[in-house]
């Protein structure tokens, strides 16, 4: 019996890691995240939404691609406004807690409970959409016949993330660093390359945008055009999921926590806004269209 229990303990230690002693003097220093690691571990939640948010917004424009310029600018402004708001929350509530703690302290515990429930739902949907979007993006490069295994691949991806998080925050961040950096570097290169090679087209984009505004106004009226832009903007609202992760995960950050958290928010805001605006401009410049089994980003 003891031998079997020992085997179970070794298997448990192999999967989720050995137990750590809370009495160890340097335990927090070993587990806490500096700003760059927090950007990977917590910022990737927000940055991953750029894989599906801009695409959904662009799809909602329904054949009016140049109106995407307004959606891209509005999205970038919203990202910086949200990040600035959370930076203020971080200063006021340095112990963390995000929307739950803010609502509980400033309004009432009942409203805080609603905020906490909304956060749980948000994270479930974020994980679901992120995994599904990742599977769509990866299978865009595979033969169409492989799409039959997409659901199984997504399920395995969820299990892998569960195991990684059970091992600990820092342990789950370190393996993601090369993946995260690859995502950042490839997107920066592709976006800069597309914009750089189409610099001469920006004058045409300006004239086409003005022409499309006039045409859409004549077809749908002012209210219809504004409604179309706002609908596309709202359909791309998935872009903002995960921005609150830094505020919620404040206890995981290296001291001084407030300084580390605000720097992480700055990294997140800049990278997310650049990626979203860059991708939407790339969609417009390359005249990307919807193709079966392909995401917009894979077409870029």
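The values are calculated or read from the model by the stated rules, or taken from the named source; none is laboratory data. What you see is a predicted model, and the numbers here were worked out from it, not measured in a lab. Cβ: placed from backbone, ideal geometry, glycine included. Neighbour counts: every protein chain shown.
With respect to the conditions (1) under 23 Å from residue 68 (Cβ atoms); (2) at pLDDT below 90; (3) surrounded by fewer than 21 Cβ atoms within 10 Å (Cβ to Cβ), residue 251 falls short on a single one, namely (1). Residues that are in contact (Cβ under 8 Å) with a residue 12 or more places away in the chain, at negative phi and over 22 Å from the mean Cα position of the chain (by Cα) are absent from region 174-184. Could you check region 210-248 and list, in sequence order, the residues that are modelled with pLDDT of 85 or more and outside any helix (DSSP H, G or I)? Selection gives 236 alone. Within region 112-153, the set of residues being under 16 Å from the mean Cα position of the chain (by Cα) and touching a residue at least 60 places away in the same chain (Cβ under 8 Å) comprises 119, 122, 125, 126, 129, 130, 133, 134, 136, 137.
Just one of 195, 191, 156 is over 19 Å from the mean Cα position of the chain (by Cα) and under 20 Å from residue 285 (Cβ atoms); which is it? Residue meeting the stated conditions: 195.
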